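The values are calculated or read from the model by the stated rules, or taken from the named source; none is laboratory data. Predicted, not measured: the structure shown is a model, and the values here were computed from it. Glycine gets a Cβ as well: all are built from the backbone with ideal geometry, and neighbour counts include every protein chain shown. Only protein heavy atoms, including side chains, enter the accessible area calculation; ligands, DNA and RNA are left aside. Shrake-Rupley method; radii C 1.70, N 1.55, O 1.52, S 1.80 Å.
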Amino acid sequence: METEHIPEPAAGDTAATRPGLGRGTLLLMSVAAGLSVAGNYFAQPLLDVIGRDLHLSASTAALVVTVAQVGYGLGLLLLVPLGDLLERRGLAVTLTALTAVFLTVTASAPNAALLLTGTALTGLASVAAQVVVPYAATLAAPAERGRTVGTVMTGLLLGILLARTAAGLLAELGGWRTVYWVNAALMLLMAVLLRLRLPALRTTAGLRYPALLRSTLALFRQEPVLRWRGALGALTFAGFSVLWTALAFLMSGPSYGWQESAIGLLGLVGAAGSLSASVAGRLADRGLAHRVTGAAAFLLLGSWGLLALGGAGGAWSLAALLAGVIILDLSAQAVHISNQNLVYAVRPESRNRLNSAYMTSYFVGGAIGSALTSAVWGAAGWHGVCVLGATLAAVVVALWALERMRRRAAGGGPEGGGRGKRGGDAVGQVLTERGRW
């Protein structure tokens with residue numbers, strides 16, 4: 001039997017949403033999550049300048065993005081389940097500190113081999129963010145879990161998107177390595193603050209590490225909700241990665257001719273989409289997760305039409321491109337947060353393993369999207385990339401429609417994912433679905 005110990009609130013945390021999680025702690029977890037994942041995305045607006053400095057081809061430079069996501073995926077599979085075995089504060093602090101160490105490897109890389117090694121190891125350790133997300137979900141009151149997850153995920157998503165802005169600006173000031181040195185220092189600071197601020201939380205899974213990993217993989221077979229939502233997440237993040245991997249090449253190419261700092265500023269545009277995370281979380285608390293997914297899937301498909309118009313250059317094309325970036329990011333985050341709220345409700349006592357399984361699918365999709373982009377860009381340029389992204393989005397729409405039909409046929413109703421007037425209790429509903437599907 002798995003049990004969790006939740007401590008009393010930290011001193012001075014008078015506004016806790018549940019013992020151990022106050023507003024200040026929640027904000028710290030959000031910032032830590034964002035900084036943890038940021039190191040995996042610094043390279044995206046800098047691919048051209050990194051390639052020139054280290055004498056890499058465009059396809060080899062693009063591998064930096066793919067390697068980061070592969071490392072992150074391995075960390076999700078191998079390290080995140082430890083949150084159901086080890087004390088979570090210690091695990092989060094250790095991974096945060098290791099991320100800082102590996103960022104220094106990337107910052108000092110003299111060649112492609114060490115650059116890719118540092119990037120992969122940084123990705124592996126940066127899953128500290130995915131230890132923090134279910135940590136916060138466990139500490140939150142059930143009726144506020146969607147809002148809590150949405151808040152931490154807003155920080156994480158801002159880290160992903162603003163990493164590009166920071167990378168572009170710092171590269172202009174001190175070269176592409178500067179941003180990695182700065183992030184390493186910030187991660188060391190986060191490790192100290194997390195150790196001082198987070199409450200201790202231990203889960204007794206009653207399993208050894210090999211059995212823990214086997215049980216994580218077994219969740220795909222046992223939980224239909226995880227399979228459906230893992231597939232939706234993988235396809236959505238694949239499309240997200242297609243856009244952000246190709247965007248640096250488009251903006252630095254002949255159509256626009258932007259410098260690194262200007263390309264990085266596109267992260268500010270994309271950050272507007274991260275605001276949907278909190279909204280999606282609140283709607284999930286009201287039991288509207290499935291409707292949010294459907295609306296976001298159709299918006300995701302429509303965004304690629306705007307992005308295709310943005311490839312020609314000029315004011316009107318740029319306006320279409322920026323609108324497409326905002327809509328795609330907003331839609332992708334709405335799907336992701338809805339997925340997480342439904343998946344976390346399946347087995348609350350195994351939330352780290354559920355997160356590991358779901359997020360592994362998610363980032364495998366991202367790695368595949370980045371790898372496909374490298375090949376498609378070389379063969380068909382921006383319009384080929386847009387066709388690839390639209391195809392992935394169309395499959396997301398089809399899977400959502402199929403999931404909805406199967407739920408209705410099983411008598412599950414159209415909604416779910418939170419405590420609300422229409423959705424009922426997420427845990428009860430998902431457990432019912434497990435028996436029916």
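Just one of Ala129, Ala125, Ala143 is of a type in the set (Gly, Ala, Ser), modelled with pLDDT under 90 and open to solvent by less than 10 Å² (accessible area, probe 1.4 Å); which is it?
Values: Ala125 fails: modelled with pLDDT under 90; Ala143 fails: open to solvent by less than 10 Å² (accessible area, probe 1.4 Å).
Sole residue among the options that is of a type in the set (Gly, Ala, Ser), modelled with pLDDT under 90 and open to solvent by less than 10 Å² (accessible area, probe 1.4 Å): Ala129.
Which of the residues that make up segment 369-384 are open to solvent by less than 20 Å² (accessible area, probe 1.4 Å) and more than 15 Å from Gly253 (Cα to Cα)?
Listed by number, the residues that qualify are Gly369, Ser370, Thr373, Gly384.
Limited to segment 95-137, what total is found for residues that are without any contact (Cβ under 8 Å) to a residue 60 or more places away in the chain, polar (S, T, N, Q) and assigned to a helix (DSSP H, G or I)?
The number of residues fulfilling the criteria is 1.
Which condition from (1) modelled with pLDDT under 85; (2) part of a helix (DSSP H, G or I); (3) open to solvent by less than 10 Å² (accessible area, probe 1.4 Å) is the one that Met251 breaks?
(1)
Under the condition of being at pLDDT 50 or above and open to solvent by 30 Å² or more (accessible area, probe 1.4 Å), which residue from segment 1-48 is nearest to Gly253 (Cα to Cα)? Reasoning before the result, please.
Taking segment 1-48 first, the residues at pLDDT 50 or above are 21-48.
From the residues that got through so far, the ones that are open to solvent by 30 Å² or more (accessible area, probe 1.4 Å) too are 23-24, 27, 31, 35, 48.
Values: Arg23: 44, Gly24: 43, Leu27: 39, Val31: 33, Leu35: 29, Asp48: 10 Å.
This residue is Asp48.
Across segment 75-89, what is the number of residues that are in contact (Cβ under 8 Å) with a residue 60 or more places away in the chain and in a helix (DSSP H, G or I)?
Residues meeting the conditions: 10.
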